[in-house]
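*Asks:* Dropping the structure in here first, questions after.
Read-outs: derived from the displayed coordinates by stated rules, not from any lab. Note that this is a predicted model, so its numbers are computed, not measured. Virtual Cβ from ideal backbone geometry, glycine too; neighbours counted across all protein chains shown.
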Amino acid sequence: MKSLVIVGIGLVADLASRRRFPLGAVLGGVSYVVAAVLADVLKDVFDRPRPSLVDPNVHPLIQVPSSAAMPSGHAAGAFAAAVAVGLVHPRLRWPLIVLAALIALSRVWLGVHYLSDVLVGAALGTAVALTVYGLVELLRSRSRPSPSSSR
């Protein structure tokens with residue numbers, strides 16, 4: 001849910017830049033959803049237990065989710081949204097990546113993830129955003145008339 005704030009920031013940036021189509025918000029939202037679905041699938045593949053289930057010295061600060069730990073869905077979603085919005089709005093790129101990193105690291109601090117869980121989630125989210133953005137750019141380039149077709 002915290003990642004949707006990033007999508008909202010993308011929408012505000014889209015509106016401020018007077019885009020006819022809210023590309024930042026749409027790419028951020030699509031990337032977020034794809035990353036969340038892939039993270040859920042990979043949780044079943046890795047089936048890694050949460051830190052507090054393995055180490056009795058870990059005392060989580062929130063209720064421990066029932067899903068597996070690897071990869072962190074929060075990290076995947078946050079990075080997917082941040083990178084996607086940042087690709088459309090480059091001036092926001094680093095502030096959004098910092099926000100995504102804080103969201104991801106909060107999961108370790110809360111005691112519900114290992115650092116490697118959030119690193120894998122961040123990598124997954126980044127890869128998803130780059131892929132979604134690349135596909136959109138490919139579709140946009142194919143829909144533009146080529147200079148030689150105007151003759």
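*Asks:* As a footprinting exposure proxy, order V85, V30 by other Cβ within 10 Å, with the fewest listed first.
*Replies:* V30, V85
*Asks:* Please list the helices of the chain that count as membrane-span-like by this rule: a mean Kyte-Doolittle hydropathy of at least 1.6 together with Cα atoms stretching 15 Å or more along the helix axis, each helix being a complete DSSP H run.
*Replies:* Answer set is 3-16, 23-46, 73-88.
*Asks:* Order 22-29, 41-48 from most to least packed using the mean count of other Cβ atoms within 10 Å.
*Replies:* 22-29, 41-48
*Asks:* Another question, then. Test of understanding: what is the full-extension gain from R18 to R140, defined as 0.36 nm times their sequence separation minus their Cα-Cα distance?
*Replies:* Numbers: separation 122, 0.36 × 122 = 43.92 nm, distance 1.91 nm.
Using 0.36 nm per residue and subtracting the Cα-Cα distance, I get 42.0 nm.
*Asks:* Based on Cβ point charges of +1 for Lys and Arg and -1 for Asp and Glu, what charge dipole magnitude is obtained for the stretch 3-135 about its Cα centre, in debye rounded to the nearest 20?
*Replies:* With only Lys, Arg, Asp and Glu charged at Cβ, the dipole is about 540 debye.
*Asks:* Separate question: Pull out a ≥ b ≥ c, the square roots of the eigenvalues of the alpha-carbon gyration tensor of the stretch 29-105, then state rounded if a/c is under 1.5, prolate if not and a/b is larger than b/c, and oblate in the remaining case.
*Replies:* It is oblate, given that a/c is not under 1.5 and a/b is not larger than b/c.
*Asks:* Please arrange R50, R142, R93 by counting, for each residue, the other beta carbons lying within 10 Å of its beta carbon, fewest first.
*Replies:* R142, R93, R50
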